[in-house]
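A short worksheet on the structure shown next.
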Amino acid sequence: MLSAKKIKRKINKKSQLLLVGSLFILLSISIIGIKHFNLYTTQKDEDNKIKNFYQGQEQIKEIISNNPEEIAEEKIDELKQDNSPKYDYVAVIKIPKINLEKGLAEKGSYYNNVNRNIQIIKESDSPDVEKGNVILASHSGSSSVSYFKNLYKLQNGDLISIFYNGIEYKYKVVNTYDIEKNGTANIIRNKEKNTLTLITCRHNTNKQIVVISELVEKS
């Protein structure tokens, strides 16, 4: 038969275990809550930046439609200087098939990096370059910066839009293939056409997915 002292000790031990367990649960809930809050605020900030970007694009369209080309270029430069917060992004990519809409930072920006955003590769042309090739790369996987995690779902015929300098460039996927992950990318495209190339890793392999699309419309 247990003595009163031993019973009390056993009860205290259980109470301590319950307390530790409760604290662990509260800590876990707090960590999850903070993570979701950070994701929410990050997405909110992204939504605001994209909204501001589109507002700026409408202003650019209006300038282009109401002014000769040389004057329009000057007015657009002035607009960007006067409204610099609206130009955190130089472009926005939108892929309806995989529910992706993401702003792109200019090449020299701190945010133009696969560890922070979808990256515009240094060899990339701008969408308005005749017969040029826009080249973008991003992570796959499950991290918060895995913007191309669903890129493997794209098929020939799927549409992708790039919004840049007041114009929407619409591309259609024409080819998807894998390459070895070795630091270089063999881009197979029709050099007589304007193209968009998207690159990401094939998750849990030593391969990369390359998606080639061609310009079909701009407006």
Distant-in-sequence amide H partners of Glu168 (H built 1.01 Å from N, under 5 Å): Ser219
Heavy-atom accessible surface of segment 83-202: percent carbon and sulfur, 1.4 Å: 45
In sequence order, calculated HN-Hα J values of segment 153-161 (Karplus, 6.51, -1.76, 1.60; Hz; x Gly/Pro): 7, 5, 10, 4, x, 5, 9, 9, 10
Whether segment 81-219 is rounded, prolate or oblate, judged on the alpha carbon gyration tensor where a/c under 1.5 counts as rounded: oblate
Under Karplus coefficients 6.51, -1.76 and 1.60, residue-wise ³J(HN,Hα) of segment 47-62 in Hz, glycine/proline x: 4, 5, 5, 5, 4, 5, 4, 5, 5, x, 5, 5, 5, 5, 4, 5
Whole-Hz couplings from phi, Karplus 6.51/-1.76/1.60, listed for segment 89-105; x for Gly and Pro: 10, 9, 7, 10, 9, 9, 10, x, 4, 10, 6, 10, 9, 9, x, 10, 8
Rg(Cα)/(2.2 N^0.38 Å) for segment 148-219, N = residue count: 1.15
Cross-link pairs Lys172/Lys218; Lys102/Lys153; Lys49/Lys153; Lys44/Lys94; Lys51/Lys97 - those with Cα-Cα distance over 23 Å: Lys49/Lys153
Anisotropy class of segment 162-201 from Cα gyration tensor, a/c 1.5 cut: prolate
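The values are calculated or read from the model by the stated rules, or taken from the named source; none is laboratory data. Since the model is a prediction, treat every value here as computed from it, not as a measurement. For accessibility, only protein heavy atoms count, side chains too; no ligands or nucleic acids. Shrake-Rupley method; radii C 1.70, N 1.55, O 1.52, S 1.80 Å.
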